[in-house]
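Reading through the structure tokens given below for one structure.
The values are calculated or read from the model by the stated rules, or taken from the named source; none is laboratory data. All values reported here derive from a predicted model rather than from experimental measurement. Note that each Cβ is placed from the backbone with ideal geometry, even for glycine, and that neighbours are counted across all protein chains shown.
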């Protein structure tokens, strides 16, 4: 396997793992004073549900790159609209601030989806 093939194989996988870990960090805000340890753990696990779903998508994408590429691209696009509306309408962020949040949170998943598709078509060509 050439170096460029290895790069296109590992880049989407590692980027996806990093993006899932970044999303998982937001679950840490579930630990608050005044709640029992069981309530805090329940809140923590509830906040990790998106990370569990994204991890399941990564497992699918690892095996079937075409399906994974489509899934991550669609997830990134759908999450982009949801995150933008959430930050702009509910939190009162400006359009620029909302777009910055979209870039930070959802664009990595769109890039991962595109990279999985590129990896699939490179393999298919070979």
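Tell me whether the stretch 7-24 contains one or more residues that are at pLDDT below 95, more than 23 Å from residue 105 (Cβ to Cβ), surrounded by fewer than 15 Cβ atoms within 10 Å (Cβ to Cβ) and touching a helix residue (DSSP H, G or I) at 6+ places or on another chain (Cβ under 8 Å). No, there is no match, as no residue in the stretch 7-24 is at pLDDT below 95, more than 23 Å from residue 105 (Cβ to Cβ), surrounded by fewer than 15 Cβ atoms within 10 Å (Cβ to Cβ) and touching a helix residue (DSSP H, G or I) at 6+ places or on another chain (Cβ under 8 Å).
Keeping to the stretch 59-82, report how many residues are surrounded by fewer than 18 Cβ atoms within 10 Å (Cβ to Cβ) and closer than 21 Å to residue 26 by Cα.
Narrowing the stretch 59-82 to residues surrounded by fewer than 18 Cβ atoms within 10 Å (Cβ to Cβ): 59-60, 62-64, 66-67, 70, 74, 77-78, 81-82.
Next, from what is left, pick out any that are closer than 21 Å to residue 26 by Cα: 77-78, 81-82.
Total satisfying the criteria: 4.
Candidates 52, 57: the one that is more than 20 Å from residue 10 (Cβ to Cβ) and either out of contact with any strand residue (DSSP E or B) (no Cβ under 7 Å at 6 or more places or on another chain) or part of a helix (DSSP H, G or I) (or both) is 52.
Just to be sure before I move on: is residue 56 more than 10 Å from the chain's Cα centre (by Cα), at pLDDT 95 or above, surrounded by fewer than 12 Cβ atoms within 10 Å (Cβ to Cβ) and under 25 Å from residue 102 (Cβ atoms) in the structure I sent? Here the answer is yes, as residue 56 does meet what is asked.
From the residues in the stretch 25-49 that are in contact with a helix residue (DSSP H, G or I) (Cβ under 6 Å, 6 or more places away or on another chain) and part of a helix (DSSP H, G or I), which one is surrounded by the fewest Cβ atoms within 10 Å (Cβ to Cβ)?
44
Entry remark, the stretch 83-109: residues being part of a loop (DSSP other than H, G, I, E, B) and exposed (fewer than 13 other Cβ atoms within 10 Å of the Cβ) number 3 in total. Sub-6 Å Cβ pairs linking a first residue in the stretch 68-86 that is at negative phi to a second residue that is exposed (fewer than 15 other Cβ atoms within 10 Å of the Cβ) and not in a helix (DSSP H, G or I), at least 6 apart or interchain, number zero.
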